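Q: Please read through the structure below; I'll follow up with questions.
The values are calculated or read from the model by the stated rules, or taken from the named source; none is laboratory data. Computed from a predicted model, the values in this text were never measured in an experiment. In this analysis, Cβ positions are derived from the backbone assuming ideal geometry, glycine residues included, and neighbour counts consider all displayed protein chains. These area figures cover heavy atoms from the full protein model, side chains too; ligands, DNA and RNA do not enter into them. Shrake-Rupley method; radii C 1.70, N 1.55, O 1.52, S 1.80 Å.
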Amino acid sequence: MAEPQHKDEKSFRGIPVSTGVCRGKILVLGRARPTIARRQVADGDLAEEVNRLEKALVQTRHQILDVQRKVSEGMGAQEGGIFEAHLLVLEDRTLLDEVVRVIQQQKVNAEHAFHTVAERYAAMLSVIEDEYLRERASDMRDVTMRVLNNLLGVEEDADLRHLKEPCIIISHDLSPSNTAQLDKRHVLGFATDVGSRTSHTAIMARSLRIPAVVGLKDASAQLVNGQQVLLDGHNGLLIVNPTDQTLFEYGQLILRQATLQQRLRDLLHEPAITLDGHRVLVHANIEQAADAEQVKANGAEGVGLFRTEYLFLNRDRLPGEEQQYQAYRDAAVALKPLMVVIRTLDLGGDKFLAHMQMPTELNPFLGWRAIRISLQERDIFRAQLRAILRASAEGNLRMMYPMISGLDELKQANALLEEYKEELRQEKVPFDEKLEVGAMIETPSAAIVADSLAKRVSFFSIGTNDLIQYSLAVDRMNEKIAHLYEPTHPAIVRLIKVTVEAAHNHKVRVSVCGEMAGDPVLAPLLLGLGVDELSAAPSLVPPLKFLIRRLKLTEARELADFALDCESASDIQARCQEHARQIAPGLFEDK
Ligand code: PEP
Ligand code: MG
């Protein structure tokens, strides 16, 4: 909803998900791609369907030539040459003849025929060992998108990997895989109509350290390319045509932020010890081995969550054991002796692979996701567990399973782990025999049976992002019900308490790695409930340490006692807010 302000200035309010302020021109991406429907075509209309296909092919050819020319001019002939392969796809007679045959024999629309045939070709190419041929699968998919866009009359999406100048991306939505492609040199920030704080896109933005605002409702439909905006990732504002006064105010905010950053830098390598002498380990969440730099630069004491699915996104095929081993080993070696907790694959929900046949589900977050996929797709699980085990010989690795919903899953996963350990022993491949294994607690059922789970693991890591959505039945991605997504809901507070008690009865440590752990307002509540460790985006580690060093554990426990007695989420939130602002006012300076 637009909020009229000064003349010409217009601002949109959304949900702040990644801090920072940026200013620049916007690039508005097209709306989500419609699904490719299959339509029956009457005999008399088949010739017209083939005609449509041919027109789309010609149009695509012109577009590719145009991009090729621009890239050659801007970056050199060699880079422009990349598009030769795209043009070859359009000249592949075997492919095109087959598409025409499908249109005529099955009497279906051109989009459906093209999509089906091209996808089959791409899938075949993507499993070939030869790297050159595998690359062709990605060319095939790029070209297929262009042809389909032309057939559907949809505007082409900008290629986020090859942006020419710095810009702020505005989009209805941005998938985690699109976000993973963003080139930090050119993307100053992004804003989307939908989304929430705990969507994986928001999590990616924090790890990329670019300002981001989501849940802007219909902003993308109201904005046009090239408009000048200011994006405020602290307060969740997108301001179009900011006036001089606004720019001045933001200049002040940026200065205050710079002062705070300096104070945070000063204690980067100091431990997080409360005023009453309690040491809290503050870890970081990462998505790839290269993030190890950020872990160290932000003074994190290890990695509490390595989300391995990003190794699987934006590729044409699954990464094999060897490739995963390299990635896990790189992280382990880079951070040694700090610990790194690798989470096994958590696909499904909002993370899908274009090249893997994943079912279209009515409720993907309640469906084929995470450990459920791993336990069924044994080859994938085996490759990953072997890779983790092998890498464990080279650093301080730990491992955990996502989305455990009951004891059977944990037992099955542990049994497979033992089987793969035995394989490695037979092969005389070294691994850490004492590798610690943990379970994520992110379903209410896991929290309730935490007592049984605790007997079979070394640690728990509470994934509050999911625990909240599953306990409160509130989709973590849906901005329409974002107000119901309440981390301080009494049910959540009590589930965390139950989990901690069960864990501590069995001498099992508890970490929290959901976004709640990185929120300085809520971290004291977690510590007061008995949580031992926190893990958050690397950039959130310094503010957490800053806060913990001003906290008394006795006060945090009082806060937790209040929350456990309280019946209202907003009262608990208000009390947490008041307490955090009181002990660390500097952290909460907004505009
Ligand atoms: C969580 O659910 O809190 C969590 C850390 O896992 P993810 O956000 O990757 O689902
Ligand atoms: Mg989760």
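Q: Suppose the chain between S445 and L424 were pulled fully straight at 0.36 nm per residue; how much longer would it get relative to their current alpha carbon spacing? Could you put the intermediate results ahead of the total?
A: On the way: separation 21, 0.36 × 21 = 7.56 nm, distance 3.35 nm.
Stretched out fully, the S445 to L424 stretch lengthens by 4.2 nm.
Q: Can you give the relative contact order of the range 421-539 as a percent, counting alpha carbon pairs under 8 Å and 6+ residues apart? Provide the component values of the computation, followed by the final result.
A: Details: 169 pairs, mean separation 28.6, N = 119.
Relative CO of the range 421-539 lands at 24 percent.
Q: Separate question: Hey, can you rank 286-296, 86-96 by average C-beta count inside 10 Å, highest first? Don't skip to the end; give the middle numbers.
A: Details: 286-296: 19.6, 86-96: 14.8.
The peptides rank, most packed first, as 286-296, 86-96.
Q: First compute the accessible area of the range 524-591 with a 1.4 Å probe, then give the percent of it belonging to carbon and sulfur atoms. Please list the in-between numbers first.
A: Values: 1120 of 2710 Å².
C and S fraction of accessible area: 42 percent.
Q: Nearest 0.05, what FRET efficiency do M356 and E322 give at R0 = 30 Å with Cβ-Cβ as r? Spell out each step's value before the answer.
A: Working: r = 19 Å, r/R0 = 0.63.
Plugging the Cβ-Cβ distance into 1/(1 + (r/R0)^6) gives 0.95.
Q: Taking the Cβ of K336 as the center, what net charge do the other residues with Cβ under 15 Å away carry, scoring Lys and Arg +1 and Asp and Glu -1? Intermediate values should be presented prior to the final figure.
A: Working: positive: K296, R329, R398; negative: E293, E301, D330, E394, D432.
Counting the neighbours of K336, the net charge comes to -2.
Q: A further question on this structure: Over the range 364-482, what relative contact order in percent results from Cα pairs under 8 Å that are six or more residues apart? Don't skip to the answer; put the middle values down first.
A: On the way: 142 pairs, mean separation 28.4, N = 119.
RCO, the range 364-482: 24 percent.
Q: Using Cα atoms only, what is the angle between the long axis of helix 131-152 and the major principal axis of the chain, expressed in degrees (0 to 90) to the nearest 10?
A: The angle comes out near 70 degrees.
Q: Can you tell me the accessible area per residue over the chain, all protein chains present, probe 1.4 angstrom, in square angstrom?
A: Values: 25760 Å² over 591 residues.
That works out to 44 Å² for each residue.
Q: Say each of L87 and K164 gets a label point 7 Å from the Cα, pointing the same way as Cα to Cβ; how far apart are those two points in nm?
A: About 1.9 nm separates the two model spin labels.
Q: For the range 256-323, which whole percent of the accessible surface, found with a 1.4 angstrom probe, sits on carbon and sulfur atoms?
A: 50
Q: Something else now. Return the FRET efficiency for the residue pair E9, A473: r is the Cβ-Cβ distance, R0 is 45 Å, and the value is rounded to the nearest 0.05.
A: Numbers: r = 39 Å, r/R0 = 0.88.
E(calc), rounded to 0.05, equals 0.70.
Q: On C-alpha positions alone, give me the angle between the axis of helix 490-505 and the longest principal axis of the chain, in degrees, nearest 10.
A: Relative to the chain, helix 490-505 is tipped by roughly 70 degrees.
Q: Still on this model: To one decimal place, what orientation-averaged projected area in nm² is obtained for the convex hull of the Cα set of the chain?
A: On the way: hull surface 115.5 nm².
Taking a quarter of the hull surface, the average projection is 28.9 nm².
Q: Continuing with this model, one more query. Between D218 and L268, what is the label-point separation in nm under the 7 Å Cα-to-beta-carbon projection?
A: 4.6
Q: With the full set of protein chains in place, find how many percent of the accessible area of the range 417-504 is carbon and sulfur; take the probe as 1.4 Å.
A: On the way: 1970 of 3660 Å².
Answer for the range 417-504: carbon and sulfur cover 54 percent of the accessible area.
Q: Regarding the range 204-318, what are the three Cα extents along the principal axes, ordered largest first, in Å?
A: On the principal axes, the range 204-318 reaches 48, 47, 22 Å in Cα extent.
Q: Keeping all protein chains in place and using 1.4 angstrom, which order do Y325, Y250 fall into by accessible surface area, from largest down?
A: Working: Y325 25, Y250 5 Å².
Highest to lowest solvent-accessible surface, that is Y325, Y250.
Q: Continuing with the same structure: At 0.36 nm per residue, minus the direct Cα-Cα distance, what do R120 and A42 gain on full extension? Give it in nm, one decimal, please.
A: Working: separation 78, 0.36 × 78 = 28.08 nm, distance 2.53 nm.
Between R120 and A42, full extension yields 25.6 nm more.
Q: Calculated from DSSP H runs of 4 or more alone, at -39500 (n - 2.57) each and per residue, what is the 222 nm mean residue ellipticity of the chain, nearest 500?
A: Numbers: 23 runs with 276 residues, N = 591.
That calculation yields -14500 deg cm²/dmol at 222 nm.
Q: Would you list, by chain and number, the lysines whose Cα falls below 21 Å from the Cα of K55, excluding same-chain residues fewer than 8 positions away?
A: By straight Cα distance, K55 reaches K107.
Q: Order the peptides 331-344, 443-456, 533-546 from the highest to the lowest mean number of other Cβ atoms within 10 Å of their residues. Could the numbers behind the result be given before it?
A: Working: 331-344: 21.2, 443-456: 19.1, 533-546: 24.9.
Per-residue mean Cβ counts within 10 Å order the peptides as 533-546, 331-344, 443-456.
Q: Taking the highest mean first, how do the peptides 36-44, 97-105 order by number of other beta carbon atoms within 10 angstrom per residue? If you can, show how the numbers build up before the last one.
A: Working: 36-44: 11.3, 97-105: 16.2.
The densest-packed peptide leads the list: 97-105, 36-44.
Q: Here's something else I'd like to know. In the range 497-581, how does Rg compare with the Kirkwood Rh, expressed as the Rg/Rh ratio over alpha carbon atoms? Walk me through the numbers before you get to the answer.
A: Numbers: Rg = 12.5 Å, Rh = 13.1 Å.
Radius of gyration relative to Kirkwood radius: 0.95.
Q: I would also like to ask the following. Which far-off residues, 5 or more places away or on another chain, put their amide H under 5 Å from the one on A536, with H placed in the peptide plane?
A: Residues meeting the criterion, in which the H sits 1.01 Å from N, are H283, A284, N285.
Q: I want the local charge near I371. Using Cβ-Cβ distances under 13 Å, sum +1 for each Lys or Arg and -1 for each Asp or Glu among the other residues.
A: Working: positive: R343, R369, R372, R378, K411; negative: E309, D346, E377, D408, E409, E442, D466.
Counting the neighbours of I371, the net charge comes to -2.
Q: A491 versus D408, label points 7 Å from Cα toward the beta carbon: distance in nm?
A: Distance between label points: 2.4 nm.
Q: Around N109, with a cut-off of 13 angstrom between Cβ atoms, what is the net charge of the other residues, counting Lys and Arg +1 and Asp and Glu -1? Walk me through the intermediate numbers first.
A: Numbers: positive: R38, R39, R52, K107; negative: D45, E48, E49, E111.
With Lys, Arg at +1 and Asp, Glu at -1, the neighbours total 0.
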